[in-house]
Amino acid sequence: MKRLSILAVALSASALTACASLAPYGPQMGPGGQGFSEQRIESDRYRVTYSGVGAPGPVADRALLRAAQLTSQHGYDWFEVTQRYIDGRPDSAGGIRPSVSVGYGSSNYGGWRASGTGVGVGLNISGPSPTSTVLEVRLGRGPKPDRAEVYDADEVERNLAGR
């Protein structure tokens, strides 16, 4: 019976986790919502933000995709990430994580002394948590410079669109 209860809790958590997931790619539709936003800093510099729910990797990919789209829309060929901020824990995707704790206590009450040891087993059930990536990018034309943080806009769009 105990196993059946644990299974029911796990299935309920999985159902809740499925409800809170990364929304389809698109613009952010309001404060606290999922999606991209950008701010022009200079004629060839932008700050691109992608806010989502879940693991940081897919959210970072969507920020790169938006930077690539902006680059192409403004007639540039490549972009360089000059600064990158990622807000989210590696375990942001959520899930079920078991935990075990051991405790010891003692007490004196009315001349009686009591002590004991306890062991607790628990499940940490959490859904996906908010994650965001902010990129500051500089757009460029012509041959792509050979630096690690420089991306070809067309290639990024081909590889990341549809994810």
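What tally of residues in segment 78-90 results from selecting those that are out of contact with any Lys or Arg (no Cβ under 9 Å at 6 or more places or on another chain) and of a type in the set (S, T, N, Q)?
0
Touching a helix residue (DSSP H, G or I) at 6+ places or on another chain (Cβ under 8 Å) and modelled with pLDDT of 95 or more, is that true of Y50?
yes
Looking at (1) closer than 25 Å to G142 by Cα; (2) part of a helix (DSSP H, G or I); (3) without any contact (Cβ under 8 Å) to a residue 60 or more places away in the chain, which is the one condition that is false for R40?
Single failed check for R40: (2).
Output the residues belonging to segment 24-37 that are in a strand (DSSP E or B) and of a type in the set (G, A, S).
Within segment 24-37, G35, S37 meet the criteria.
Take the conditions in a strand (DSSP E or B), within 30 Å of G32 (Cβ to Cβ) and at pLDDT 70 or above and apply them to T117. Does it pass?
No.
Which residues, counting only those in segment 43-73, are part of a loop (DSSP other than H, G, I, E, B) and either of a type in the set (A, V, I, L, M, F, W, C) or touching an Asp or Glu at 6+ places or on another chain (Cβ under 8 Å) (or both)?
A55 - this is the single residue of segment 43-73 that is part of a loop (DSSP other than H, G, I, E, B) and either of a type in the set (A, V, I, L, M, F, W, C) or touching an Asp or Glu at 6+ places or on another chain (Cβ under 8 Å) (or both).
Scan segment 47-77 residue by residue and report those that are surrounded by fewer than 21 Cβ atoms within 10 Å (Cβ to Cβ), closer than 27 Å to S129 by Cα and either charged (D, E, K, R) or in contact with a Lys or Arg (Cβ under 6 Å, 6 or more places away or on another chain) (or both).
Within segment 47-77, R47, D61 qualify.
The values are calculated or read from the model by the stated rules, or taken from the named source; none is laboratory data. Since this is a predicted model, take the numbers as computed values, not measurements. Here the Cβ is made from the backbone with ideal geometry for all residues, glycine too, and neighbour counts use every protein chain on show.
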